Amino acid sequence: MKEDQSEKVARLGKRGHFNIKVRDEIIKAIEEGVPRNVIVYQYGVARSTLCEWMRDHGSASYHRTKRGRHFTEVQKRSIVRLVEQGSLTPHVARKTYGISGNTLSNWLRASFKENVDLAVDQPDVMKKTPVKQPEETDPEKQALQKALEEAQMKIRALNTLIDVAEDQFKIAIRKKPGARQS
């Protein structure tokens with residue numbers, strides 16, 4: 001008689017352990033597609049407990065279907081490239097490809113490290129390769145060089161103007177390195 005009553009009761013007390021048979025029924029219901037919200041409401045099980053049960057006692061087929069989508073390295077690189085180029089925002093990329101924010105952040109961080117490794121300065125290699133100047137000058141290149149010279153001249157003029165203003169008015173206009181920002 002007591003065994004029948006204990007099988008009907010899901011657990012003993014508010015914080016007691018669940019009966020193994022009840023636990024297995026709950027796991028089976030989740031694997032069949034019953035929403036976890038319903039299970040939480042019906043049995044009073046915490047979501048974390050459900051996650052632990054599914055992790056520890058869920059069937060192999062459930063784990064195969066619930067495991068996240070796997071991307072090849074080429075797919076990962078193309079998604080990262082789209083985000084880095086600004087074609088996709090990180091939020092849109094996560095929604096479009098069904099990936100978590102942590103996963104995308106890890107991919108971006110790995111890509112950044114990879115690109116830094118590729119961009120390491122190798123002065124020996126730089127010195128050995130001679131710089132070839134083309135015989136003919138391109139008009140577009142000349143225009144760019146002229147614009148660069150003008151910009152550099154403007155920067156020198158502005159720096160001179162700042163120096164004169166600092167001397168004349170006795171105030172510090174340029175920001176001091178290492179100053180605290182508010």
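The values are calculated or read from the model by the stated rules, or taken from the named source; none is laboratory data. As the structure is a computational prediction, the values presented were derived from the model and not from experiment. Methodologically, a virtual Cβ is constructed for each residue, glycine included, from the backbone with ideal geometry; neighbour enumeration extends over all protein chains shown.
Listed here are the residues, each with its yes/no results for (1) assigned by TED's automatic domain parsing to the domain that holds Lys21; (2) basic (Lys, Arg); (3) modelled with pLDDT of 85 or more.
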position	(1), (2), (3)
Ala60	yes, no, no
Val83	no, no, yes
Pro90	no, no, yes
Gly98	no, no, no
Asn102	no, no, yes
Trp107	no, no, yes
Ser111	no, no, no
Glu114	no, no, no
Asp124	no, no, no
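Tell me, which residue of segment 45-61 that is in a helix (DSSP H, G or I) and polar (S, T, N, Q) is surrounded by the most Cβ atoms within 10 Å (Cβ to Cβ)? Outline the logic, then answer.
First, the residues of segment 45-61 that are in a helix (DSSP H, G or I): 47-57, 60-61.
Then keep just the ones that are polar (S, T, N, Q); that gives 48-49, 61.
Details: Ser48: 8, Thr49: 16, Ser61: 9.
Per the criteria, the residue is Thr49.
Taken together, Gln168, Gln152 contain a single residue that is over 40 Å from the mean Cα position of the chain (by Cα) and either closer than 30 Å to Arg81 by Cβ or modelled with pLDDT of 85 or more (or both), which is Gln168. Cβ-Cβ distance below 7 Å, separation of 6 or more or different chains: which pairs start in segment 29-57 with a residue that is more than 17 Å from Asn19 (Cβ to Cβ) and end on one that is surrounded by 11 or more Cβ atoms within 10 Å (Cβ to Cβ) and of a type in the set (S, T, N, Q)? Within 7 Å, the pairs are Glu31/Ser59.
Within segment 16-44, being of a type in the set (Asp, Glu) and part of a loop (DSSP other than H, G, I, E, B) holds for one residue alone: Glu32.
In segment 22-39, the condition of being at pLDDT below 80, within 18 Å of Asp56 (Cβ to Cβ) and not hydroxyl-bearing (Ser, Thr, Tyr) is met by no residue.
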